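> One structure, as structure tokens, below. Some questions next.
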Amino acid sequence: MASHDYEDARAITGGVGYDDHRQQPPQDQLYDPNFVPDSVKSFVVHLYRHIREKNVYEIHQMYETSFHTLSDRLFKDTPWPSVDAVANYVDNDHVFCLLFKEMWFRHLYARLTPTLQQRIDSWDNYCSLFQVVLHGAVNMQLPNQWLWDMVDEFVYQFQSFCQYRAKMKNKTEQEIALFRQFDQAWSVYGVLNFLQALVEKSNIIQILENEKEGLEQFTSTDGYDYNGGSNVLKVLGYFGMVGLLRVHCLLGDYHTGLKCLQPIDISQQGVYTIVIGSHITTIYHHGFANLMLRRYVEAIREFNKILLYIYKTKQYHQKSPQYEQILKKNEQMYALLAICLSLCPQNRLLDETVNSQLREKYGEKMIRMQRYDDEAFAIYDELFSYACPKFITPSAPSFEEPLVNYNQDAYRLQLKLFLYEAKQQQLLSGVRTFLKVYSTISLTKLASHMEVDEPTLRTILITYKHKAHAVDSDGKVISNADVDFYIDDDMVHVVEFKPAKRYGDYFLRQVVKLEGVINEMDAIKLD
């Protein structure tokens, strides 16, 4: 182990005191996987030491800051040195080498285009890493950010592999031979089994149940173990539930996805809210699944909360490597919110800040989405296509000629199902318009307004009732409507939900204005 203090290493890995760019790999070879610059040696030595000492703070600093600084300076368009080249500096420690390779592949995916062989090698590395964690051979504390990134990247690489494999048109014979040889790499069963195994082996569901009764401390300690144990399996199991939600959303199985997330109470702060990427991923997929299951009110509530949170905190994440991803997901969730509110007008559920942002971004489009014409339909198509997850077809392709691309098939199917639902909702929005005007109206009069006969109107009203309700996660029927009605003796009686007036926002705005006026008055110098 290096004897000098880590402060020196931070100057080496992140500072300008060390002129590492003069140290270049041999000129005849642009990238030499066995060439290890001194700053990389120092990085792995210190990271290894801090992991052995369970110094979570220093691990987090090196993982979040030093690794990205070194990547920007030395490995902008090449991979890091190979794991074999750095193994000697870390006592050839098996678990550390697996962790280093996990970071190595993540950097490769982010900066370069992985080959098919590298995709398969990354799968093998995840298998080895998760096997070690599952069989209890891990005595480490790792930062939540790293553990979240592991699960997040695992699912991302699975999605990326499925998309890559589905573009069969330009595949070479060697690639097809590799697909045949490694047919279990990134299989949907393998991915789901690992995530499920992490959830079960970590006993996280029971831990969260016990916490409600005051028997465990998981959320209050942010998932860390302060009694000398390891947080790795528990926290991976916890994030594994979010990973399962995401995979099931990619497969179009929204019901199962939400079921997997149920042990986490998303109405409360939790370990998932500590890491911004985890918080956004959880709510984005939770909201999207609810949208596809017609639970619009639930989706609106959660999108409103997370969008308000991002609005208030995004300036703190500007230097984060995830910042661009945060902004992208923010925009996608506004698009999903616009869809939800167009299909199920529930503006009373929105915070004023979110509402004004939404009107700014999509106000005009939302007005056009209320119509029944083709233009409205085209906007639904556009917003869904922009904001939906990258759906995948998990099954292996046919390797026989002719080879075809089928990477868009799953997306087209989900889009078709969504637009079919949107079209039905559009036909019913006419009923809602009339119901908003009257408190009571006879069936005959309503039928003449809508230019249909009475039997057709009754069918439309029953369909409206059906479409304005959904089944929640507990199996209860819930209403999405802001207007309800019942029919008594050929009269339609309308029940409109009046939102409770909220004076808080108005009061706070006036306080801020008053403070502004006082500051201006203070600034005036009187002679």
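The values are calculated or read from the model by the stated rules, or taken from the named source; none is laboratory data. Please read all numbers here as calculations on a predicted model, not as lab measurements. Every residue, glycine as well, gets a Cβ built from its backbone with ideal geometry; the counts of neighbours run over all protein chains shown. In case anyone asks, the SASA skips ligands and DNA or RNA and just uses the protein heavy atoms, side chains included. Shrake-Rupley method; radii C 1.70, N 1.55, O 1.52, S 1.80 Å.
> Output the residue which, of all residues in the range 475-508 that are at pLDDT 75 or above and in contact with a helix residue (DSSP H, G or I) (Cβ under 8 Å, 6 or more places away or on another chain), is surrounded by the fewest Cβ atoms within 10 Å (Cβ to Cβ).
Taking the candidates together, the pick is Asp490.
> Something else now. Out of everything in the range 75-96 that is open to solvent by 70 Å² or more (accessible area, probe 1.4 Å) and charged (D, E, K, R), what residue ends up being nearest to His46 (Cα to Cα)? Give the steps one after another, and end with the answer.
Keep residues of the range 75-96 that are open to solvent by 70 Å² or more (accessible area, probe 1.4 Å), which gives 76-77, 84, 88-89, 91-92, 94.
Right, trim to charged (D, E, K, R) and you get 76-77, 84, 91.
Details: Lys76: 22, Asp77: 25, Asp84: 17, Asp91: 13 Å.
Applying the filter and picking the extreme gives Asp91.
> Here is a further query. Of everything in the range 407-437 that's within 16 Å of Leu457 (Cβ to Cβ) and touching an Asp or Glu at 6+ places or on another chain (Cβ under 9 Å), which residue is modelled with the lowest pLDDT?
Checked the range 407-437; the qualifying residue modelled with the lowest pLDDT is Arg432.
> Please find, among Leu99, Leu147, Leu142, Leu129, the residue that is crowded, with 20+ Cβ neighbours inside 10 Å, under 24 Å from the mean Cα position of the chain (by Cα) and not assigned by the TED database to the domain that holds His279. Let's see the steps before the verdict.
Working: Leu147 fails: not assigned by the TED database to the domain that holds His279; Leu142 fails: not assigned by the TED database to the domain that holds His279; Leu129 fails: not assigned by the TED database to the domain that holds His279.
The match here is Leu99.
> In the range 381-415, what count of residues is obtained for those that are over 19 Å from the mean Cα position of the chain (by Cα) and within 22 Å of Gln370 (Cβ to Cβ)?
Result for the range 381-415: 3.
> Is it fair to say His68 is open to solvent by 30 Å² or more (accessible area, probe 1.4 Å) and outside the structural domain of Lys319 (by the TED database)?
For His68, the condition - open to solvent by 30 Å² or more (accessible area, probe 1.4 Å) and outside the structural domain of Lys319 (by the TED database) - is met.
> Inspect all residues belonging to the range 110-124 and state whether any of them is farther than 30 Å from Asn405 by Cβ, over 25 Å from the mean Cα position of the chain (by Cα) and either in the same structural domain as Pro389 (by the TED database) or surrounded by fewer than 20 Cβ atoms within 10 Å (Cβ to Cβ) (or both).
No, that holds for no residue.
> Same structure, new question: Consider Thr459 carefully, then state whether it is touching a residue at least 24 places away in the same chain (Cβ under 8 Å), more than 19 Å from Tyr380 (Cβ to Cβ) and open to solvent by 80 Å² or more (accessible area, probe 1.4 Å). Lay out the reasoning, then the answer.
Working: touching a residue at least 24 places away in the same chain (Cβ under 8 Å): no; more than 19 Å from Tyr380 (Cβ to Cβ): yes; open to solvent by 80 Å² or more (accessible area, probe 1.4 Å): yes.
Here the answer is no, as Thr459 does not meet what is asked.
> Then there is this: So Ser356 fits all but one of (1) crowded, with 16+ Cβ neighbours inside 10 Å; (2) of a type outside the set (D, E, K, R); (3) under 26 Å from Ala378 (Cα atoms); what number is the exception?
All conditions pass for Ser356, except number (1).
> Go through (1) among the basic types (Lys, Arg); (2) free of Cβ contacts under 8 Å to residues at least 12 places away in the same chain; (3) in contact with an Asp or Glu (Cβ under 8 Å, 6 or more places away or on another chain) and name the single condition Arg348 misses.
With respect to (1) among the basic types (Lys, Arg); (2) free of Cβ contacts under 8 Å to residues at least 12 places away in the same chain; (3) in contact with an Asp or Glu (Cβ under 8 Å, 6 or more places away or on another chain), Arg348 is out only on (2).
> Something else now. Out of (1) farther than 25 Å from Ala376 by Cβ; (2) not in a helix (DSSP H, G or I), what's the single condition that is false for Arg294?
(1)
> If you check Ser160 against the conditions, is it open to solvent by 10 Å² or more (accessible area, probe 1.4 Å), at pLDDT 95 or above and small (Gly, Ala, Ser)?
When the stated conditions are applied, Ser160 passes them.
> Let me ask you something else. Output the residue which, of all residues in the range 311-329 that are touching a residue at least 40 places away in the same chain (Cβ under 8 Å) and part of a helix (DSSP H, G or I), is surrounded by the most Cβ atoms within 10 Å (Cβ to Cβ).
It comes out as Lys329.
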